[in-house]
Amino acid sequence: MRYRILGVTEAYDDQGTPLPVGGQRLRALLTSLALHAGRTAPADALIDDVWADEPPADATAALQALVGRLRRALGKDAVTSEAGGGYRLTARPEDVDLYVFERLAREGTAALTAHDPATASRALRDALALWRGPALADLADRTAATRPEAQRLEAARARVAADLQLGRAADVVPELTELTHAHPYDEPLHALLIRALRDAGRGADALAAYETARRTLADGLGADPGPELAALYVDLLDPARDSGRPAPPRQPQRDGNLRPRLNSFVGREPELDAIRSDLRAARLVTLTGPGGSGKTRLAEEAAAEHPRAWLAELAPLDQPEAVAGAVVSALGLRETVLMTSEHTAPQDDPVALLVEYCAARSLLLILDNCEHVIGAAAALAETLLTHCPGLTVLATSREPLGVPGESVRPVEPLPPDPAHRLFAERARAVRPDFDVTGDPEAVAEICRRLDGLPLAIELAAARLRLLTPRQIADRLDDRFRLLTSGSRTVLPRQQTLRAVVDWSWDLLDEQERTVLREASVFAGGWDLEAAEAVCTGPASDLIGALVDKSLLVATPGDGSMRYRMLETIHEYATERAAETPQLRTEAERRHVAYFRALVEKADPLLRSAEQLPWIERLETELDNLRAALHRSTVTGDTDSAVELALSTGWFWWLRNYRTEGAGWVGHILEQLLPTPRPDRPAPSDCRVPPRDGRIFPAAGDLADEDDPLYWPLMELRLLHIFFVAQSEPESALRGEADREYLVRVRDAFARPGPAGARFPGIIWPFTVYFLDNPEDVRAALDRAVANCREYGGEWEIGVTLMFRTHTAVDGPGNLTGVDDDVAELRTISRRVGDRWMRAQVCSAAGEAAIARSRFDEAKGEFEEALRLAYEVGAYAEAPFLIARLGEIAYRSGEHDVARKLLAEAGGEADRYGVPDPHAYVHLLNALMAVEEGEVARARALCDEAARESSRGTPPPQFTAAVGGVDARITAAESGPARGLAVLTDALRYAVETRCAEIVSAGLAGRGALLLGQLGDTEGAVRLVSASDGWLGGAERALPERAEIEALEAEAVVALGADKFAEARAAGAGHTAAEAVTFLTERVRHFLGPLTL
């Protein structure tokens, strides 16, 4: 099937025969579906496109009828119904003329950029020939046509430009004259007309055309001609001067992380064009070449025109398993997950997170410096490309990735002219008076002997602070004779780089060499304070000298400079450090000590008002922290390994590095077991090590309490349990051995004492969820709060109070004690200043307020929680908080506001790659749909909410809420008796899982309404009375409260005041479990004894 929407909408079968699509609305529907080719078109969008501002009273039903007509015209399989009430046209984008036009226009524009006007003209003519009239002509509101109409004009401009380059100036003048009349303020069109007249030999007419353009702009806009028109005018006045300068390029809106460079990019124009062409033809392009050949800079320049280009730097990584995490961080997806009563599922799989984020986006991802993690980079690239159709990967590596479909582009040395220009520009940066014409032969010799490699040329130019070009050339002559005159085992390209760096090394004094060796122990980068702690000698002066000699790169940070080595220099310095093992060992020891002290200092500050700069500080030093952990575990420095892990533990949790934290802690515990076993090999990475089907070590591996490492190791064990429970909640307890282990760890912290009053000891109550009846968690939390009051600080008291408050909000007890805890928490959190804690307080207070139908209060709390979440960087929490605000709008009767907020929540969830809020958003939309009579849409949304929640570990109250909405929809679909059966199951689940009374009472109230519809007025009153008692005097939530009040008013009339009072008395005092029994009996009465 083929669809044409560039004009009046038409459809053709696979034989090219036109199909009848009669009626403007039917064509509008087909137009809207074709615009969504390959995607589901939401029902709301289709309704807007067909009817615009005048939809029929029952728009959903009208849309269904219109879809039926379209299926009869095109075939029953041409349009499919999708979940959520949307529809999908069975077509690919290439089946729709609009998308064919866009592809041809892109190809033509690319050919024009690549200086191939003949190809450009053909492609653009083919693209423009697809137009038969105004785009999307049948839509009621043609706002959507703005973009394709603009693309059409851009394609026309590009085609004319191609024709001008082919010498067809006289042919395009009439067309350009018409276009400038139609678009009088389009300066590029005026410029093309002036060029065409000039090239056709009509100089006077060209000047007249300029004057017309100038006057039009002045009279209509009060503006002067832009740079391109002004330059053309100067050229026309002076025929000898023909600058041919194009107008300044328009910069597209960017969405990426490529940094603007501080120096120029020289040469490589043919390579840039070739790489951009490769990126249009292939989805994986790898730039290969030696270190220092300019692969990274070339990749960044090639990606500069892409509006969504992201750079993931893999050079700092020392483990292949960290590749996916590095890309997650580069894309900005590493966010703090804020705890709320609606617990989100853990996001511990970086590959899954990347797939989910990239699948629906058009991105260019640069994987930079893959050679040392080649296998992991290749596997990640293949996975992402397989699952993310809009993704393109540009990799740099010393060897191809070896992935199917890969296009390999070798990066060749610079030709002589660009190499000379590069040397001259870098030379002027260090010697502004440098003149390349002073000794061109020496410059040519330097560039030739350095093989045109940009890094080597730049290092040579940096030496002009001390040497003349001839002196540099003479020194290179000595070095290259040694490295190229005989057979060597090292590749020639490595020899060339080694010659450049060896030569730089020889120019250093002994102190500078020592510092370069010592600085090689840093990973990623460092600041001056770290350099002074790790390096010997006057570090400030020596680091500055190495920066001046281009062996270190200085980059401004937040108030201080950060330093790093180029990749090749770091490799060279590491090799040189290996020549002096004692010096390197001491530098590594100081490196571990410095970063241990850093995290020990940062740890308490992460829980204070000073947390923001310290969070940023640890994020910046993350690679150094990993290197320190690795070295301390490899060298057997038990004390440092344990303290590093414990002091970094809260940062790992706060910033959502929980899987990595579990891996490091598990690795340390594995290495520090008192009795290593031959069947337990040391892990090769930071994942949780396998233990014969168990996730924790055997209880016998626990040290005795008189061991000096007892408490540090116990704290590591509890931290490990905490992380595993977050990353593998479904498998945190795999058998009796794990249970015994958890019991011993829990018992160590559950007894009164300081160990249970500091992090991670304060989290011991949550082991109850794995070991005991969850009903006991409140008692455990009460003990933890009391212990923290005796032995802990304010933050620890606040956190345990916060845990207790969230538990009370979610569980039975009618919010007993919540107000007192929240009031104390507000005082503590203000004194402590921890934004994370303050956000939790607002979230808990908002949950309590919404349960009491205090919507204005709840709104204020959630808005403040949202502000704090953004401030602390908890962007992943924003979608849920916005959705909570949407629920408040719904319960306040503002459905339009609720829909907008829920749409915003869904958009934020997509933006930050957070899937969990979608289930909540779908459920609230389903609730509004069923109330508004859109039963089919409500069913689709409710089912989607259930599917979304099944992918994680939803809290019981959410599952119960899904059951309640399902019951309402079932009642609308199949009658109140069937709905009552579903409702009874939902209430039974809420009782069994000890949901809060507001949840159970809400379900019972809905059951009463269904009984009322079935004519069982007395039973309905009894159920309302019973559930009123569960609430302990609290009000029901809106809008259910109004429905219950109406039910009771009708019951008084139907039963009479006396019988109504008797029914109320009969229901009073009944428990929720008794209500389940009562409802079960009523369902059997209405549907038969085998129903439940």
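The values are calculated or read from the model by the stated rules, or taken from the named source; none is laboratory data. Worth saying up front: this structure is predicted, and the values here are computed from it rather than measured. Here the Cβ positions follow ideal geometry from the backbone for every residue, glycine too, while neighbour counts run over all protein chains shown.
Taking Ser949 as the residue in question, decide whether it is without any contact (Cβ under 8 Å) to a residue 40 or more places away in the chain and in the same structural domain as Ala1008 (by TED's automatic domain parsing). Explain how you work it out, then say what you get.
Values: without any contact (Cβ under 8 Å) to a residue 40 or more places away in the chain: yes; in the same structural domain as Ala1008 (by TED's automatic domain parsing): no.
Here the answer is no, as Ser949 does not meet what is asked.
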Requested in this report: Search region 882-898 for residues being at negative phi and surrounded by fewer than 19 Cβ atoms within 10 Å (Cβ to Cβ), and hand back the single one that is modelled with the lowest pLDDT.
Outcome: Ser892
Requested in this report: Only one of these is closer than 17 Å to Ala11 by Cβ, surrounded by 21 or more Cβ atoms within 10 Å (Cβ to Cβ) and at pLDDT 85 or above: Leu124, Leu46. Name it.
Outcome: Leu46
Report summary line: Across (1) crowded, with 21+ Cβ neighbours inside 10 Å; (2) within 17 Å of Glu271 (Cβ to Cβ); (3) in contact with a strand residue (DSSP E or B) (Cβ under 9 Å, 6 or more places away or on another chain), Val408 clears everything bar (1)
Query - Test: Leu112 is within 30 Å of Ala281 (Cβ to Cβ) and under 36 Å from the mean Cα position of the chain (by Cα) - result: yes
Report task. Please specify each residue of region 24-47 satisfying the condition of being closer than 13 Å to Ala140 by Cβ and of a type in the set (Gly, Ala, Ser). Result -> Ala28, Ser32, Ala45
Query - Scope region 576-604; condition closer than 30 Å to Arg838 by Cβ and surrounded by 16 or more Cβ atoms within 10 Å (Cβ to Cβ); matching residues - result: Phe595, Arg596, Leu598, Val599, Ala602, Asp603, Pro604
Query raised in the report: From Ser950, Ser974, Ser1025, Ser1000, which residue is surrounded by 23 or more Cβ atoms within 10 Å (Cβ to Cβ) and hydroxyl-bearing (Ser, Thr, Tyr)?
Result: Ser1000
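A quick yes/no check of all residues on (1) crowded, with 24+ Cβ neighbours inside 10 Å; (2) within 16 Å of Gly811 (Cα to Cα); (3) at pLDDT 90 or above:
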residue: Asp943; (1), (2), (3): no, no, yes
residue: Leu983; (1), (2), (3): yes, no, yes
residue: Thr993; (1), (2), (3): no, yes, no
residue: Gln1013; (1), (2), (3): no, no, yes
residue: Glu1040; (1), (2), (3): no, no, no
residue: Glu1050; (1), (2), (3): no, no, yes
Requested in this report: May I ask you to verify whether Ile5 is within 36 Å of the chain's Cα centre (by Cα) and touching a residue at least 60 places away in the same chain (Cβ under 8 Å)?
Outcome: yes
Report task. Return yes or no: is Ala1061 over 24 Å from Thr816 (Cβ atoms), small (Gly, Ala, Ser), surrounded by fewer than 19 Cβ atoms within 10 Å (Cβ to Cβ) and modelled with pLDDT of 90 or more? Result -> yes
Query raised in the report: Looking only at residues in region 320-338 that are in a helix (DSSP H, G or I) and of a type outside the set (A, V, I, L, M, F, W, C), which one is modelled with the lowest pLDDT?
Result: Ser329
Query raised in the report: Looking at region 62-79, is at least one residue surrounded by 16 or more Cβ atoms within 10 Å (Cβ to Cβ), on the phi < 0 side of the Ramachandran plot and not in a helix (DSSP H, G or I)?
Result: yes
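Collect the residues in region 22-43 that are of a type in the set (Val, Ile, Thr) and surrounded by fewer than 23 Cβ atoms within 10 Å (Cβ to Cβ), keeping them in residue-number order. Let's see the steps before the verdict.
Here is the first cut: in region 22-43, the ones of a type in the set (Val, Ile, Thr) are 31, 40.
Passing the criteria: only Thr40.
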Query - Residue check, Ala737 in contact with a strand residue (DSSP E or B) (Cβ under 9 Å, 6 or more places away or on another chain), surrounded by fewer than 22 Cβ atoms within 10 Å (Cβ to Cβ), touching a residue at least 40 places away in the same chain (Cβ under 8 Å) and more than 17 Å from Gly846 (Cβ to Cβ) - result: yes
Query raised in the report: Can you tell me how many residues in region 383-427 are in a helix (DSSP H, G or I) and small (Gly, Ala, Ser)?
Result: 3
Report task. Among what's in region 80-95 and is outside any loop (DSSP other than H, G, I, E, B) and of a type in the set (Ser, Thr, Tyr), pick the residue that is modelled with the lowest pLDDT. Result -> Ser81
